[in-house]
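Here is the structure we will look at.
The values are calculated or read from the model by the stated rules, or taken from the named source; none is laboratory data. Owing to the predicted nature of the structure, the values given are computational and were not obtained by experimental measurement. When we count neighbours, we look across all protein chains shown, and the Cβ atoms used for this are built from the backbone with ideal geometry, even at glycine.
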Amino acid sequence: MLAVLANIVKIPELRRRILFTLGMIAVYRLGVYVSVPGANVKVIREVVGASGGDGSLLGLFNLFSGGALEQASIFALGITPYVSASIVIQLLSSIFKPLEELRKEGEVGQRKINQYTRYGAIGLALFQGYATALFLESLSNGDGLSAVAHPGWGFRLMTVLTLMTGTAFIMWIGEQITERGIGNGISLLIFAGIVADFPSFIMQTIQSAKSGQVQPTSMLIAVTVIIASVAIIVFFERGQRRIPIEYARRIVGRKMYGGQRTHLPLRVNSAGVIPPLFASTVLMLPMQLAKWRVPYADSVQNALQRGDWIYNTTFIVLTVFFAYFYTAIQFPPVDVADNLKKQGAFIPNKRPGKQTAEYIEYVVTRITFGGALYLAIVCIVPDMMRQYLRIPFPFGGTSLMIVVGVALDTVNQIESHLITRHYEGFAGPTGPQLRGRRAAT
């Protein structure tokens, strides 16, 4: 490992990219502690901090913003508007003809789609900024102290403008990291927000162990589950089914081209962390509807208590459904079969066109089921530990998946830079090369 770090320092371009990435992340983390004007950070921290990691909608939002929400930061919206806009654009591109045509135009069309995504993110930031301003005005602690000293349209307009500007600045930071740094900028910002809570969790755990609130056996079980979860996430995120592909031979002049053999990699988990996020959002809707006094929402909320078997079963079913739904949008077998046909490639013993699409759909359906179950189990295990074993586990499975996935992606890109310049990678001179999320696609 020391030799690899020394090799990283020897490559000027890679060294500049890593330092630039770290600098941009530092700027992002500093901005988290800059509060919006007129907000009482102490009151907001008391209310939001009590919501937990990703055990509630408020806690989930605060987690992905890197604790910016409880700081009433100018970055309180985090990168959530951009991620939401990206998901909406992806969904629309499968049903809206103009967007579908743009997606097929290659790099030029992708630039246009990215531009639409930015516009959508700004629009969502305006809406979420106004909702956040109303939310801050409604907060008060146990002593009746309000989170906003002077509520009204002045505070709302200032908050909306500040949060929208903060979101736009975060988008710029993410794009700069992707272009001039190392790794995917947006993913790294989410990663930085999640791991920022690790030191405080470690200190709280040490204090709890010293005071006797946490038993050594519970700590051992928690550490074992965390290590096992990370190993399972790495295994499934790198797992793929390789379908053999052959290129037809063709003669151009006096030369023969083609006849090559390769493979089509199909990821076990093509949907990423989107299915559990969608499932969690759907299960949190009854709680929000109950606050608005919607009929029968209270009954549904009482039936779906977090950690109960009804909640867990519903979560598994929704996760499996959204895994299939999102995979079908991201990886349409008909389009893949058409692209193979245009390239002169085919699957052995399968006719190009409809038969190839049916075979790809059959394989994707089978491996997606395993990937969906893996997503559901990894996300449920922390809740079961908290519910039944009373073990402190502040981070959910979704958070661990994001952290491990982004780490794999970043390490894979560093590995590619090292191998390209004839240096040994993390796996050594003879070991297998690490494959991150990008390589698996």
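Among the residues making up the stretch 263-275, those that are modelled with pLDDT of 85 or more and outside any loop (DSSP other than H, G, I, E, B) are His263, Leu264, Pro265, Leu266, Arg267, Pro275. Checking the stated criteria, Thr327 turns out not to satisfy the condition of being among the hydroxyl-bearing types (Ser, Thr, Tyr) and surrounded by fewer than 16 Cβ atoms within 10 Å (Cβ to Cβ).
When the residues of the stretch 202-251 are filtered to those that are in a helix (DSSP H, G or I) and small (Gly, Ala, Ser), which remaining residue is farthest from Asn269 (Cα to Cα)? Residue satisfying both the conditions and the ranking: Ser211. Only residues that are crowded, with 16+ Cβ neighbours inside 10 Å and assigned to a helix (DSSP H, G or I) were counted across the stretch 304-324, and they come to 11.
Please pick out the residue among Ala68, Ala133, Ala121 that is crowded, with 21+ Cβ neighbours inside 10 Å, among the aliphatic types (A, V, I, L, M) and modelled with pLDDT under 85.
Working: Ala133 fails: modelled with pLDDT under 85; Ala121 fails: modelled with pLDDT under 85.
Of Ala68, Ala133, Ala121, the one residue that is crowded, with 21+ Cβ neighbours inside 10 Å, among the aliphatic types (A, V, I, L, M) and modelled with pLDDT under 85 is Ala68.
Taken over the stretch 136-179, the criterion of being surrounded by fewer than 21 Cβ atoms within 10 Å (Cβ to Cβ) and either outside the structural domain of Gly193 (by TED's automatic domain parsing) or part of a strand (DSSP E or B) (or both) is satisfied by Ser140, Ser146.
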